[in-house]
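Okay, structure first, notes after.
Bear in mind these aren't lab numbers, they're just calculated from the coordinates by the rules spelled out. Predicted, not measured: the structure shown is a model, and the values here were computed from it. Cβ sites come from the backbone with ideal geometry, for glycine too, and all protein chains shown count toward neighbours.
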Amino acid sequence: MTSLRPLVAGNWKMNGLKSGLSEAQAVREAVSAAQSTCAADVMIAPPATLLMVMAEACRGGKLSFAGQDCHSKASGAHTGDVSAEMLKEAGASAVIAGHSERRADHAETDAVIRAKAEAAHRAGLAAIVCIGETLGERHAGLTLTVVSRQLKGALPDGATAQNTVVAYEPVWAIGTGLTPSIADVAEVHARIRADLTARFGANGTAMRILYGGSVKPDNAKALLSVANVNGALVGGASLKASDFLAILRAYES
């Protein structure tokens, strides 16, 4: 399906309590069961309150963890924020930067997201940098323009295939049940690949590009078979072990 090792990352968003970790255990067991046949890396981004306990519980396994956001500074007077270094210490190997909900709810700009990606690299974490257009921008025919602009502004110059993953998530498809057509996904991912290769050369060619936006068991196979789609950033479906496992089956070898 792809020449690059895919990544399927589950973003739990603001969901999950320690008392409900039985489902997290089920997710872990589902991932473990899938590893023998699933030709993909698997990652979960739980809320910060669960990151350490889940990472400890899964120590030594193949399931990796990410933070959902980080501050650009390593420490300081930033009440309520979490640094990339703190996430690293808690057991994360990556952090999401610039999810559309952060852009909308916290007015994050490409410059802010770029600084967070640089912070991730500083701490030894991979940055999963999110880009994507709104419904209004799509209707105006601006999808490719918006994606290229965000990619240019949000990715640090030091991005490599090892420390950076790009996630394309059309804002209008997140949590709505709507998805772009296969042709639309192919067109956007082809543009992202072209932009990455033009800027980063071989690193751009080898950088993984995930699709995110209402990825479900019934559409995963088709979406993950598209050229230049090297995995998925999964939202709600990652909260249920059976759904997440069904998505992973798209990569059964």
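Before moving on, here are some points about what is shown:
- For the range 7-251, the dipole from Cβ point charges (+1 on Lys and Arg, -1 on Asp and Glu) about the Cα centre works out to 300 debye, to the nearest 20.
- Note on the chain: dipole from Cβ charges, positive end direction compared against V188, W172, S93; the farthest Cα belongs to S93.
- Centre-to-centre, using Cα atoms only, the range 37-67 and the range 146-171 are separated by 23 Å.
- Since only Q150, F200, C70 are under comparison, the one whose Cα sits farthest along the positive direction of the charge dipole of the range 7-251, derived from C-beta charges on Lys, Arg, Asp and Glu, is F200.
- Per-residue Cβ neighbour rank within 10 angstrom, fewest leading, H99, H189, H71, H139: H139, H71, H189, H99
- As computed over the range 7-251, the Cα convex hull volume per residue (Å³): 117
- ³J(HN,Hα) computed for each position of the range 80-97 - Karplus, 6.51 cos²θ - 1.76 cosθ + 1.60, integer Hz, glycine/proline x: x, 8, 10, 8, 4, 5, 5, 5, 4, 5, 6, x, 7, 10, 7, 8, 7, 10
- Take every Cα pair under 8 Å whose residues are at least 6 apart in sequence, average their separation, divide by the length of the range 7-251, and the relative contact order is 21 percent.
- Distant-in-sequence amide H partners of V165 (H built 1.01 Å from N, under 5 Å): A127, I128, V129
- Counted residue by residue at 0.36 nm each, then reduced by the alpha carbon distance between them, the extension gain from S148 to T79 reaches 21.5 nm.
- Inter-part distance where the range 71-127 and the range 239-253 are each reduced to a Cα centre, Å: 28
- Bins of 10 Å from zero: percent of alpha-carbon pairs in the range 42-99: 25, 55, 18, 2
- Amide H contacts of G212 (H built 1.01 Å from N, in plane; Pro and chain starts excluded): Y168, E169, L233 sit under 5 Å, all sequence-distant by 5 or more or on other chains.
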